[in-house]
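What follows is a short report on a single structure.
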There are 2 protein chains.
Amino acid sequence: MDIVRILQSSTLFSGTGGDEIPHLLQCLEGRTSDFPRDYTIIDEGDYSDEIGIVLSGSVHITRHDFWGNRSLVANIGVGESFAEALACTARPSEVSVITAEQCTILFLNVHKVITSCEHGCTYHHTLIENMVRLLSQRNQELMKKITHLTKRSTREKLLSYLSSEAQRQQSQTFTIPFDRQQLADYLCVERSAMSSELSKMQADGILDYQRREFTLHHEEV
Amino acid sequence: MDIVRILQSSTLFSGTGGDEIPHLLQCLEGRTSDFPRDYTIIDEGDYSDEIGIVLSGSVHITRHDFWGNRSLVANIGVGESFAEALACTARPSEVSVITAEQCTILFLNVHKVITSCEHGCTYHHTLIENMVRLLSQRNQELMKKITHLTKRSTREKLLSYLSSEAQRQQSQTFTIPFDRQQLADYLCVERSAMSSELSKMQADGILDYQRREFTLHHEEV
DNA sequence: GCGGTTATGTTGTTTTTACAACAAAAAAGG
DNA sequence: CCTTTTTTGTTGTAAAAACAACATAACCGC
């Protein structure tokens, strides 16, 4: 695992020199941990002042309500980060962070990112600007998620999500990071109704799929 | 209108001295504009590198899809800001910003906020930290909005929204910033179904309401 | 106050979704 | 390879939401 390469492709460290990264990690009190599958890294109500960056594996951001209704807010893959907003606000977490598979996570002290450091790291100001961009991007992603949720029917939600995923992966054929139950939790619909809607959509020639691999045809609305 | 007092209570300027604000405004290329009701300040697809702060009135953040389905993402009141993420990402806007009533808006150049300035403004670093906090807060608000949307039934969505509003306004009795159609657009449900659900909830003794004024009773789930 | 306009509430019908139960297919683990 | 477990798909029924149409109430300009 090439940590430096992963970090250079991350939003937070973009524009920093590869040489500088080990020094920055030290300055930001970086530490890595390994977690097994289905491990709760952050629970609802927890406090944290560390941001997490996924070095291997992937994690899910989830919520649970009184009646055990689970909802999946987001999927975070390699090179992506989580808990930025949590670490910056000193408020209890609204969500849980749970590993979707075996993971290696890098934790960084957010306060060290935000405040200028006394060691005069060259790239410190770059980090702060990146932090602003990172939060802005996360913001727009949440907005996009809201776009899917505001769709009134299961079919529209599926099309909204799948077409945004096709766009993100720059291909009509793409793989989603969710199984059916997780996809239903993500779109806030009922799994079996969604399954049946998917097969109708396939019958209508809108798309093809096989497990996690989907192909959108051009007729989509 | 006491601009300095409004700004001091805003997240972006918190911790800055009142004396310094006029100087900062100049440094950030601040400009104010007045808008009539129902005026589109930012349209979907627009670019902007200015953040807006509401000095009087209020604005709505909205989206429209192909079939004219309107959805209301948020309401922004006096002292609150909008377009932070838009201004920070150089990407086209996912949403529109439309005045809900007659408004005065202060616009600030985001790049001047983020990059250190050559005039050596004392509070410049405070501003950058505030910007990070502001984006984090906006983030958590979007998360809260998602919480409402993930509720499966109209009744649950109403309770989720109304109880969060009661908490925010620190009172069992409170006024919402939406009329019925806007509330339906905000919660992504159908207006008349929502109206009828509200009257059922009133019959069940869960709440009382009269137009925009609601009272939640303690039995709420 | 009066007519026009908009906002809100009500009701019945159609459509969609949630739920439950189960069948089939795939994956996991010896 | 075979068994067990998990995932996915299917179907019928009950519940809920969307829709449409209308009644009533509040608001606005004159």
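The values are calculated or read from the model by the stated rules, or taken from the named source; none is laboratory data. Note that the structure is predicted; figures quoted are calculated from it, not measured. Quick reminder, even Gly has a Cβ in these numbers, built from the backbone with ideal geometry, and neighbours come from all protein chains shown. For the accessible areas, the whole protein counts, side chains as well, though only heavy atoms, and no ligand, DNA or RNA atoms are used. Shrake-Rupley method; radii C 1.70, N 1.55, O 1.52, S 1.80 Å.
What does the convex hull of the Cα atoms of the protein assembly as shown come to per residue, in Å³, rounded to a whole number?
155
Put +1 on the Cβ of each Lys and Arg and -1 on the Cβ of each Asp and Glu in the protein assembly as shown; which of A:I128, B:H60, A:G57 then has its Cα farthest toward the positive end of the dipole?
Among A:I128, B:H60, A:G57, the one farthest towards the positive end of the dipole of the protein assembly as shown is B:H60.
In Å², what does the accessible area per residue of region A:3-148 work out to with a 1.4 Å probe?
42
How much mean residue ellipticity at 222 nm does chain A get from its helices, if each DSSP H run of length 4 or more adds -39500 (n - 2.57) and you divide by all residues, to the nearest 500 deg cm²/dmol?
-12000 deg cm²/dmol
Thinking of chain B as a set of Cα atoms, what percent of all their pairs are more than 31 Å apart?
28
Around B:G45, under 11 Å between beta carbons, what's the net of Lys plus Arg minus Asp minus Glu among the other residues?
Value of the local net charge: -3.
Which of the listed residues, B:T147, B:V189, B:M201, is farthest toward the dipole's positive end in chain B, when Lys, Arg count +1 and Asp, Glu count -1 at the beta-carbon?
B:M201
So what's the angle, to the nearest 10 degrees on a 0 to 90 scale, between helix B:191-203 and the longest Cα principal axis of chain B?
Helix B:191-203 sits at roughly 60 degrees to that axis.
Which longest uninterrupted range of chain A lacks any trypsin sites (Lys or Arg not before Pro) assigned by DSSP to a loop state (not H, G, I, E or B) and surrounded by at most 11 other Cβ atoms within 10 Å?
The reported range is A:38-210.
Inter-copy label distances at B:V4, 7 Å along the Cα→beta-carbon direction, one decimal in nm, shortest first?
Nearest first, the other copies' label points are 5.2 nm away.
Applying 1/(1 + (r/R0)^6) with R0 = 41 Å to the Cβ-Cβ distance of A:S164 and B:E213, what FRET efficiency is obtained, to the nearest 0.05?
0.60
Only Lys, Arg, Asp and Glu count, each charged at its Cβ (+1, +1, -1, -1), so figure out the dipole size of chain B about its Cα centre, rounded to 20 debye.
That gives chain B a dipole magnitude of about 540 debye.
To the nearest 20 Debye, how big is the dipole of the protein assembly as shown about its Cα centre, given +1 on the beta carbon of each Lys and Arg and -1 on that of each Asp and Glu?
For the protein assembly as shown, the charge dipole is close to 880 debye.
Compute the accessible area of each residue in region B:157-202 twice, once for its chain alone and once with every protein chain present, using a 1.4 Å probe on heavy atoms, and list those whose area falls by at least 10 Å².
Output list: B:C188, B:V189.
Whenever you get a sec, compute what percent of the accessible area on the protein assembly as shown sits on carbon and sulfur atoms (1.4 Å probe).
Carbon and sulfur atoms account for 46 percent of the accessible area of the protein assembly as shown.
Got the B:R191 label distances to the other copies yet, label 7 Å along Cα→Cβ, in nm, shortest first?
Those separations, rounded to one decimal, come out as 3.8 nm.
Quick one: net charge around A:Q181, please, counting Lys, Arg +1 and Asp, Glu -1 for every other residue with C-beta under 14 Å from its C-beta.
Result for the local shell: +1.
For region A:135-217, which GluC sites (Glu not before Pro) are in a loop by DSSP, counting at most 16 other Cβ atoms within 10 Å?
Here the sparse-neighbourhood loop sites are A:E190.
Please work out how many pairs of lysine residues in the protein assembly as shown are eight or more positions apart (or on different chains) and have Cα atoms closer than 12 angstrom.
Within the protein assembly as shown, the lysine pair count is 5.
Compute for chains B and A the buried accessible surface, both sides summed, probe 1.4 Å, and express it in Å² to the nearest 100.
4000
Taking 7 Å along the Cα-to-C-beta vector as the label spot, tell me the B:K200-A:A90 distance in nanometres, rounded to one decimal.
Each label point is offset 7 Å from its Cα along the Cβ direction, giving 4.4 nm.
Just to confirm the numbers: A:D43, label point 7 angstrom along the Cα-Cβ line, distances to the other copies in nm, shortest first?
5.1
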